[in-house]
Every structure is written in structure tokens, then in C-alpha cells.
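For reference, the structure is listed below as C-alpha cells.
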Amino acid sequence: MLKVGLTGGIAAGKSVVSEMFVALGAYVVQADALAHLLMQPGQPVYQQVVQCFGRGILNPDGSVNRPRLAEAAFGSQPARIAELNRIVHPAVIQAQEEWMERVGREHPHAVVMVEAALILEAGARAGFDRLIVVTCRPEQRAERWARRLHVDLETARREVERRMAAQWPDAEKIKAADYVIDNSGSLDQTEVQVRALFAQLKSAALATCPSRLHTES
């Protein structure tokens, strides 16, 4: 199998690109979805997050209110996002590695992909055979965030800037990338790039697990 990391700055279009890869046959998991599972009541990560940020981040049923947690992590002065990352990142990295190994055992020629915003920031690059960075024009980030969250453009711009402060700039991500997908244009243009790249990834996945020839004496 081939282990692939898919990353990029906020609102670059990682999820759209990952869905395109899934349609072509890649196996994809979102690190954010793993983090959500790990922060369910009763999980060790949940207990550590509540201990660190207080019960004010919880819903009445005891589940974590993600917007409140984001506000506690990003909105405080100074920002406490590093504290949250120290709790969540190691558990997420372990979970995604276990997931990739499970898929690889069942599908040894698979392209397995983790979609995560903070692969580089979390020091997880070494866990992947290839790294893809999704980019877009800076002004598009706020526009996309505004549409996604149904907020005005200025509110979206402030939130994007606040979250981008905790991420590597695109220029640094690109330096670390094996491949770059420019998601600044139309979806059709992005899909052309994804199709061409998937063909390369699939060939590499097949090469990592060559067929064994057995001969009888």
C-alpha cells in the first residue's frame, strides 16, 4: 500500500479533493473525524481536554461543544491551541496509523490517505510515503469560510487569519510536499489534477507490493 498525507491551509479545499480521490478508489480518513471520536465522553482524550479547558466547553449532555472548544483554544490571549494540540495530536496520529495498517492488511495495493490540516505542524510527515498539499488563492479562503459557516466576509476573514496563525504558511507546506494541487480554479480543473495524480499514486502503490512468484522444486 501507499500511505499518503493530504494537507493544506484552512479552506483550501482539502475535503473536496479527498472526495475526488475516494471516487477514484482511494481509501481516505479525516483526522478531524478521528479527533471527534477521541473526544467522546469516556475517552482519555475527552478527559484531558475537559481537565485542561474546563466544563464550560461542554454541551448539556456532556459532549464537547466544538465551537466553544475552538473559541477557548484560539480566542484566548495568548492562544492556547498548543495545549489542545499536545493532547489531541498524539492520539490522532496513533489512530490514523492503526487505520492505515488495517486497510493495508485488507487491501495491500491500496492508496490510503489521511486528510489533515496539521500533518506538518504535528510532526507527522514521516508517517507517510507521499505528501500532497492543496492550495488556493489567499482571498478565496475567507470567501469559502463565509459560505461554509454562513457568516459575513469580515467575520470569516478574522477567523481564517486567527486559525492560519497556528498553521504553516503555504510556501512552507509546498516546500515539504511531493505534490501540489492548485484548487484556485474550477472543480473541473481540480479534478483533472486529481485524476492525473491518482494514476501516479496507484502505480506507486502497486510497486510497493509486487506480486510474489512461487515455484515448486
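Here, each number is a calculation from the coordinates, and none is a lab measurement. It should be emphasised that the depicted structure is a prediction, and the values quoted were computed from it without experimental measurement. Neighbour counts run over all protein chains shown; Cβ positions are idealised from the backbone, glycine included.
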**OP:** With +1 on each Lys and Arg Cβ and -1 on each Asp and Glu Cβ, and nothing else charged, work out how big the dipole of the chain is about its Cα centre, in Debye to the nearest 20.
**Re:** 240
Original post:
Roughly what angle does helix 14-24 make with the longest principal axis of the chain, taking Cα atoms, 0 to 90 degrees, to the nearest 10?
Top reply: 30
Subject >> 3J(HN,Hα) from dihedral phi, the range 103-114, Karplus parametrisation 6.51/-1.76/1.60, rounded to Hz, x for glycine, proline >> reply: 5, x, 5, 7, 9, x, 9, 7, 9, 10, 9, 10
**OP:** Would you indicate which of [x] 52, 49, 36; [y] 70, 41, 28; [z] 51, 38, 29 is the value of Cα extents along the principal axes in Å derived from the coordinates of this structure?
**Re:** [y]
Subject >> Anchor K202: lysines whose Cα lies under 20 Å away (excluding residues fewer than 8 positions away in-chain) >> reply: K3, K14
Subject >> Charge-dipole axis of the range 10-147 as Lys and Arg at +1 and Asp and Glu at -1 on Cβ define it, positive-most pick from M100, H89, L69 >> reply: L69
Original post:
Once you charge only the Cβ atoms, +1 for Lys and Arg and -1 for Asp and Glu, what is the size of the charge dipole of the range 2-117 about its Cα centre, to the nearest 20 debye?
Top reply: 220
**OP:** Would you work out which of L149, V22, G5 lies farthest towards the positive end of the dipole of the range 1-149? Charges go on Cβ: Lys and Arg +1, Asp and Glu -1.
**Re:** L149
Original post:
On full extension of the chain, what length is gained from C52 through D152, given 0.36 nm per residue of separation minus the C-alpha to C-alpha distance?
Top reply: 32.8 nm
Original post:
Does anyone have the angle between helix 187-208 and the longest principal axis of the chain? Alpha-carbon axes, 0 to 90°, nearest 10?
Top reply: 50
Original post:
Around V28, which amide H atoms from residues at least 5 apart in sequence, or from another chain, sit under 5 Å from its own amide H, with H modelled in the peptide plane?
Top reply: M113
Original post:
Once you put a point 7 Å from the Cα of F74 and another 7 Å from the Cα of E191, both along the Cβ direction, what distance in nm separates them?
Top reply: 3.0
**OP:** Run down the aspartates and glutamates and flag those whose C-alpha is under 15 Å from the C-alpha of K173, throwing out any fewer than 8 positions away in its chain.
**Re:** E115, E121, D182
**OP:** Considering Cα pairs under 8 angstrom that are at least six residues apart, work out the relative contact order of the chain and quote it in whole percent.
**Re:** 36
Original post:
Normalised by the residues of the range 1-102, what does the relative contact order come to in percent, with Cα pairs under 8 Å and at least six apart?
Top reply: 22
Subject >> Backbone HN-Hα couplings from phi across the range 178-183 [Karplus 6.51/-1.76/1.60, Hz, Gly and Pro as x] >> reply: 8, 9, 10, 10, 8, 9
